[in-house]
1. Any idea which of B:Gly242, B:Leu341, B:Val301 is furthest toward the positive side of the dipole for the stretch B:241-359, if Lys and Arg beta-carbons carry +1 and Asp and Glu beta-carbons -1?
2. Starting with the highest mean, order B:311-324, A:209-222 by the number of other Cβ atoms within 10 Å, averaged over the residues of each peptide.
3. Can you flag which of A:Lys166/B:Lys365; B:Lys149/B:Lys226; A:Lys159/A:Lys352; A:Lys359/B:Lys200; B:Lys211/B:Lys373 are past 32 Å Cα-Cα?
4. Positive end of the charge dipole of the stretch B:1-109 (Lys, Arg +1 and Asp, Glu -1 on Cβ, about the Cα centre): tell me which of B:Leu5, B:Val107, B:Met51 has its Cα farthest that way.
5. Which value, in debye to the nearest 20, gives the size of the charge dipole of the protein assembly as shown about its Cα centre, when Lys and Arg are +1 and Asp and Glu are -1 at the Cβ?
6. For chain B, what is the mean residue ellipticity at 222 nm derived from helices alone (per DSSP H run of n ≥ 4: -39500 (n - 2.57); sum divided by total residues; nearest 500 deg cm²/dmol)?
7. Treating only the Cβ atoms of Lys and Arg (+1) and Asp and Glu (-1) as charged, compute the dipole magnitude of chain B about its Cα centre; round to the nearest 20 debye.
8. For n ≥ 4 DSSP H runs only, could you compute -39500 (n - 2.57) per run for chain A, divide by its residues and tell me the 222 nm figure to the nearest 500?
Amino acid sequence: MFDTELFWRQFFLVLIASLGVFFLIDLLWLRKRPKRTEKQNRWINILIGLWILSLFWMFSGLITWYGVVITIADKILSFSSLALATTGIVLIFKTSITTNFAQGIVATFGVFFASVVITRAAAWGWSGWQLAMFGMVCGAIVSFLMGLAIDVFIIRKSKYITSVGKQMITMGLVLVVSGLIPVIYGIPTLSVPRLSYGDPILIPFGENMVSITPHAMWALVITVVLLGLLFSALRFTKWGLGVRATASNEIVAGMMGVNTRLITALSWAIAGALGGISAYLLAEGGSLSVGMMTATQVNGFLSGILGGFSSFLGPIVGAVLIPVLSALFFYVSSLWSNALVYGIILLIVLAKPLGLFGKKIAKKV
Amino acid sequence: MDPRLRLRDQRKHQFQQIVHHPYFGFVLLGGLMLFVQLIQSLGVAIPVSIMRAFGLTMIYIVIGLGFAILLGYAGLASLGTAGFVGIGTYALGYLTNARGFSVGMVVFYSVLGAIILGVVVGFISLRIEGMYLAIITLGLSEILNEIFKNAVTITNGTNGLLMPQLVFFGTYYTVSNETVFAAIAVVLVLMMFFTFNIIKSPTGRAMLAMKNSESAAQAMGVSVLKYRLLAFIIATVFALVGGILYMSYIRYTIPTTWSLAFSLNLLAAVIVGGSRSIWGIVLGSFMIFGLDLAVFQRIIVTPDRNAAIAAFIERFPEHQEALRTFFVNLQQSLPVITYILNGLLIILVVMFYPGGLYQLVLTIKTKLVTAWKNAVRKWKVRRYGQEV
């Protein structure tokens, strides 16, 4: 059902034409203006948005809309856990201005703990769903505490180090924690149960049915609820205001009476907890390994870049786009799908260096 | 004055001139490596794994030097080094195996390719800055890794590419490890000269100005475009040369080596050692790569294979079994412990010595020199009495 030749013809036509148009507009029109105004930015956004939509339209022509929908339904689990992990990374990027490489390994530590707790709690006679929920919450709490400890004992003490230096610290943490995991939990293989082992949920789509596994459905629900809570907290609570103030300028926020230490510590802790839940969802009943979150970590950074680190919602759009696009490109070439998606991200970021939803922050010289 | 005394003074002066020449240390390091190789070839029993650790560390120093110019001088953070080194290894492997290119030609083409690649990444760096650049180069490195995995006709995919022989002027030769080791030492010294000249020249100063404040540098007439491209070209050329050296030394390359972990380790080596000095890079590479390869991987505490531990256990007859199991377990978890120690080292150095270990060495050296001078002065006072 898939016509590869037609795809390449269309794809390259769309790709090259849009790139040419974009850079032509950029060079001939936008660069000549004294600075990019809101209106121009909106035009660029519309262009890129149309381009992404045209990608989907192209796929709908190639594998029908039904094919597109089942591909997306298949990737629900990936993008919900990626969205959680990415939000953690963005939260830390905003408050501590560094890319946290330890996000994945802290999450892994938490999910290992969850697995141990579940094996202990199995004797208490709970149902499978209760056990899984209990384990997930325990794992999230451990990741929460670990994030808190990292901030209190390490990041807070290294306030005046450059962001690359902080990045190195998180990298050192990756080494330490990935060494600690086998020491604490031992070598034997561990696993965590799925949230639900029920039959796939069928959702009608036209004449056909789209099936989603219950675990993925639960993952989607949990992600939406958690992110909804987080965003409303960021929007409406005092903590959220503090985070936004700290993100815009830590020193000034401190002068205005914002407790930046508490804000930063809580951000690290919440990022850890989000990571823990994301790792639990991603494990999907399989066995755990130390490197299970590495790919999610890299994709999290890339979706942050794609969506723009300066906004909170943008990275989530990025986190949804990356797995979906790579699943769609899988039809084109099973080998090159990832490389193609990374290439597309590179092009989009070149066109819009601050990401799809990023805003330019004026900097004093 | 006694002419003999004057001659001695003259000799002393000449000697000091040589010792204090900036190249002296580099030549000394290269000479030391060549000497180690020489005595090993002459029959002194230096284990092969130690020689391999030295060889690999030297290659990583070469790559680290290029990276230090990029990070420490131009202030551009990149996580794409692994991909570039990988390109170097595959270029040599493929061109030698399938095409029969001479090593010189491979180096020529690689440098040409590195310049093109550096220009491309440099242009990307004009639009994207800071942490964003690090992540974008990480994405680039992932793309390169996918290419290494999937372009099976060139790279032999995930099985890795084997290169048993090198070509010199159209003829295949099997080059011994000893020769390659010596070649690496020579290339290392040359690269150190090159780096030293870059960082002490107007180019290095312009890059440093650009790192500290781009706007100020531009105001002083430094072309950001030129120096960013130059920094990336230098880093890429160094990385590709490192890859070529790696391939000729190890003779085998596999995509999993050129993953994110390699870039991060290199970053760690440069940051831990100190990104602003050549000796810092040497120290950092040794700390991150050399110590692990040469020391930690060779520690054996199993009582059956280590006489000292066995003797130690003999002294406690009542706890013999417990001690024996403890040491056997320790041996098993040793790789993990080195992992943890390495991580702790990175964290501690970055937290307390942001300038790197080289800064620590300099501080200790200054303190020792001061202590020595004080001691000499006190001794003189005691011997000859207080000066008035």
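1. With unit charges placed on the Cβ atoms, the residue in question is B:Gly242.
2. Details: B:311-324: 11.6, A:209-222: 18.6.
In decreasing order of mean packing, B:311-324, A:209-222 become A:209-222, B:311-324.
3. Working: A:Lys166/B:Lys365 28 Å; B:Lys149/B:Lys226 34 Å; A:Lys159/A:Lys352 30 Å; A:Lys359/B:Lys200 39 Å; B:Lys211/B:Lys373 38 Å.
From A:Lys166/B:Lys365; B:Lys149/B:Lys226; A:Lys159/A:Lys352; A:Lys359/B:Lys200; B:Lys211/B:Lys373, over 32 Å: B:Lys149/B:Lys226; A:Lys359/B:Lys200; B:Lys211/B:Lys373.
4. The Cα lying farthest towards the positive end belongs to B:Leu5.
5. Details: 53 positive and 23 negative charges, 720 e Å.
Rounded to the nearest 20 debye, it is 3460 debye.
6. Working: 16 runs with 280 residues, N = 388.
Theoretical 222 nm ellipticity from helices: -24500 deg cm²/dmol.
7. Numbers: 28 positive and 13 negative charges, 357 e Å.
It comes to approximately 1720 debye.
8. Values: 13 runs with 258 residues, N = 365.
So the calculated ellipticity at 222 nm is -24500 deg cm²/dmol.
The values are calculated or read from the model by the stated rules, or taken from the named source; none is laboratory data. Here the structure is a predicted model, which is why all the values come from computation and not from measurement. Backbone-built Cβ (ideal geometry, glycine too); neighbour counts: all protein chains shown. Quick note on the areas: whole protein, heavy atoms, side chains included, nothing else; ligands and nucleic acids left out. Shrake-Rupley method; radii C 1.70, N 1.55, O 1.52, S 1.80 Å.
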